[in-house]
1. Those residues that are part of a loop (DSSP other than H, G, I, E, B) and in contact (Cβ under 8 Å) with a residue 12 or more places away in the chain, I need them from the range 103-112; list them, please.
2. So ARG76 passes all but one of these: (1) closer than 18 Å to LYS130 by Cα; (2) without any contact (Cβ under 8 Å) to a residue 12 or more places away in the chain. Which condition number does it fail?
3. Applying the selection to the range 123-146, what residues are more than 19 Å from GLU157 (Cα to Cα) and either touching a Phe, Trp or Tyr at 6+ places or on another chain (Cβ under 8 Å) or in contact (Cβ under 8 Å) with a residue 24 or more places away in the chain (or both)?
4. Could you grab me the full set of residues in the range 62-97 that are hydroxyl-bearing (Ser, Thr, Tyr) and part of a loop (DSSP other than H, G, I, E, B)?
5. Could you grab the pairs with beta carbons closer than 8 Å, sequence gap of 6+ or different chains, first residue in the range 31-56 and assigned by TED's automatic domain parsing to the domain that holds ILE87, second one modelled with pLDDT of 90 or more and of a type in the set (Asp, Glu)?
6. Have a look at VAL100, VAL115 and point out the one that is part of a helix (DSSP H, G or I), among the aliphatic types (A, V, I, L, M), under 30 Å from LYS44 (Cβ atoms) and outside the structural domain of ASN54 (by TED's automatic domain parsing).
7. Identify all residues within the range 25-55 that are among the basic types (Lys, Arg) and modelled with pLDDT under 85; write none if there are none.
Amino acid sequence: MPYSEQLLAAIRTVILGLLLAGSCPVYGGWDEAANAENDGDYAKVFSEYRQLANRGDIHAIHNLGVMYYNGFGIYRDYGEALQCFLIAAEYGIADAQNNVGSMYARGLGVPQDLVKARMWFDIAAANGEKSAIDNRTIIATHMNPDEIAEARKLAREWLEEHPQ
């Protein structure tokens, strides 16, 4: 199965899981999450983001990824973080795209893959994520010209399939 089809299948699975997993009541939101974060109550922050994600809020899904990545309010789980980042990346969240690139670069939640890392950094940079520009420059020092060309090609194809 091509990479783009695998990605879409994974995204659909995670979205469905997020929608079906919510046994929490539907209330709360961004203000509650911000207040809980100010209080250092990361379990409450996680709960609020989960509720927002269950309602389809892409930014909340990205923030859940950050929480899984860092182990804030929940156990650290790079696989869950990556799935959240991939969903947000699919919807054009440049920070999430950069995070996916970082996870591929480091091999967190996935086998290390510098071509995919560079691809995601290129996508994030094209969508305005300034740190992705530095990240792709750094990672290029560990790649040969053919790998860089392949990553650029994959990024172009992804961007053509996902017009913003």
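1. Correct list: LEU108, GLY109, VAL110.
2. Failed condition: (1).
3. The initial filter retains those residues of the range 123-146 that are more than 19 Å from GLU157 (Cα to Cα), namely 130-131, 134-135, 137-144.
Those that are more than 19 Å from GLU157 (Cα to Cα) and either touching a Phe, Trp or Tyr at 6+ places or on another chain (Cβ under 8 Å) or in contact (Cβ under 8 Å) with a residue 24 or more places away in the chain (or both): SER131, ASN135, ILE139, HIS142, MET143.
4. The answer is TYR75, TYR91.
5. Close Cβ pairs (under 8 Å, with a partner that is modelled with pLDDT of 90 or more and of a type in the set (Asp, Glu)) amount to GLU32/GLU48; ALA33/GLU48; ALA36/GLU48.
6. After applying the criteria, what remains is VAL100.
7. None; the set is empty.
The values are calculated or read from the model by the stated rules, or taken from the named source; none is laboratory data. This is a predicted model, so every value here is computed, not measured. Positions of Cβ are generated from backbone atoms using ideal geometry, with glycine treated the same way; all protein chains shown enter the neighbour counts.
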